[in-house]
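All of the numbers you see were taken from the coordinates with simple rules; none came from a lab. Keep in mind that this is a model prediction, so the values were computed, not measured. Note that we place each Cβ from the backbone using ideal geometry, even for glycine, and neighbour counts take in every protein chain shown.
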Amino acid sequence: MIVKFKLKLAPTIATAIVLPILITLGFWQLDRAELKQQKLDTYTARSKQAPVKLKSTDNIAALKSEDLLYSSIEVRGQYDTKRSFLVDNRVHKGQVGFYVITPLIIESESNTPENNKQSHSAILVNRGWIKGKRYRSELPEFDTTNEKISIKGLGYFPSKNFFTVDNVKINTQSYPAVIQNIDFSAIKEALGMEIYPLILRLDPKDKSGFVREWQVITSSPEKSQSYAAQWFTMAFVVLIIFLSSCFNFKREKTV
């Protein structure tokens, strides 16, 4: 049997394009699986630690969101009843609605005149999901207590939506303000006060919130690993098809 190897233009070009894409997608899913596992490990470790108590004297500028990510947080203060934000296009059980984000102005450590002159600081509290109305022009109504309260929740930093742009100026003429993404710089400018560089996911037992079914990750690391295996399998199949197109097997003629 005579075996001949010859590259063919069309299969070679197709394989050169498709194969790297499939391999890249496979490694991308492996990276996602590793990142998800890191998030779960961080959440598990910090859930066993004592709650972090936020104070009005904290140096917010020196804080990093990673330091409080998935930490249990306790804080006392008062909701800004006049200014809330609605994060648009949030789906719960097939229904479109909003996340309600309300700033909690942190209670001052003392009531001295010097302390009262200090600028306020706040943390953005995700109070949960509410259903949107039938028409997009109508915003849902909700109540916000004006009493001083103590709340607790989980520190969280929202992932960015690829299709949204940061530093979009928020319309401060009408509240609640509808936003597409959490942009801390834009919200800080709209509020005119210092805010913590993370979101407090309100405890599901707190009465000042709405629907709260918080998830650390939306899918398991194992699911991303299975996707990676599928991409690598497809890459292997493409490679086999390419090689089979290059080899030509002929029987030797017998005299």
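Here are the numbers:
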{"quantity": "Selection of trypsin sites (Lys or Arg not before Pro), the stretch 11-59, meeting DSSP coil and at most 16 other Cβ within 10 Å", "calculated": "48, 55"}
{"quantity": "Mean residue ellipticity (222 nm) of the chain, computed from DSSP H runs ≥ 4 via -39,500 (n - 2.57), nearest 500", "calculated": "-10500 deg cm²/dmol"}
{"quantity": "Computed magnitude of the charge dipole of the chain (debye, nearest 20; Cβ of K, R +1, Cβ of D, E -1)", "calculated": "1320 debye"}
{"quantity": "Where N is the number of residues in the stretch 1-43, Cα Rg divided by 2.2 N^0.38 Å", "calculated": "2.05"}
{"quantity": "Rg to Rh quotient for the stretch 1-147, alpha carbon positions, Kirkwood Rh", "calculated": "1.25"}
{"quantity": "Prolate/oblate/rounded label for the stretch 20-62 (Cα gyration tensor, a/c 1.5)", "calculated": "oblate"}
{"quantity": "Cα-centred dipole magnitude for the stretch 1-148, charges only on beta-carbon of K, R (+1) and D, E (-1), debye, nearest 20", "calculated": "920 debye"}
{"quantity": "Principal semi-axes in Å for the chain [√(5λ), Cα gyration tensor, largest first]", "calculated": "54, 20, 16"}
{"quantity": "In sequence order, calculated HN-Hα J values of the stretch 63-79 (Karplus, 6.51, -1.76, 1.60; Hz; x Gly/Pro)", "calculated": "7, 10, 4, 5, 5, 10, 4, 6, 7, 6, 10, 10, 7, 10, x, 9, 5"}
{"quantity": "DSSP beta bridge pairing in the chain, given as percent antiparallel to the nearest 5", "calculated": "75 percent"}
{"quantity": "For the chain: relative contact order, % (alpha-carbon pairs under 8 angstrom, 6 or more apart)", "calculated": "31 percent"}
{"quantity": "Residue-count net charge about residue 60 - beta-carbon cut-off 14 Å; Lys, Arg +1, Asp, Glu -1", "calculated": "0"}
{"quantity": "Theoretical gain in end-to-end length, residue 159 to residue 91 [0.36 nm per residue, Cα-Cα removed]", "calculated": "22.9 nm"}
{"quantity": "Positive dipole terminus of the chain, leading residue within 60, 73, 16 (C-beta point charges)", "calculated": "16"}
{"quantity": "Cα→Cβ-extended label distance, 7 Å offset, between residue 63 and residue 28, nm", "calculated": "3.5 nm"}
{"quantity": "Residue-span extension gain [residue 81 to residue 19] - 0.36 nm each, minus C-alpha spacing", "calculated": "16.8 nm"}
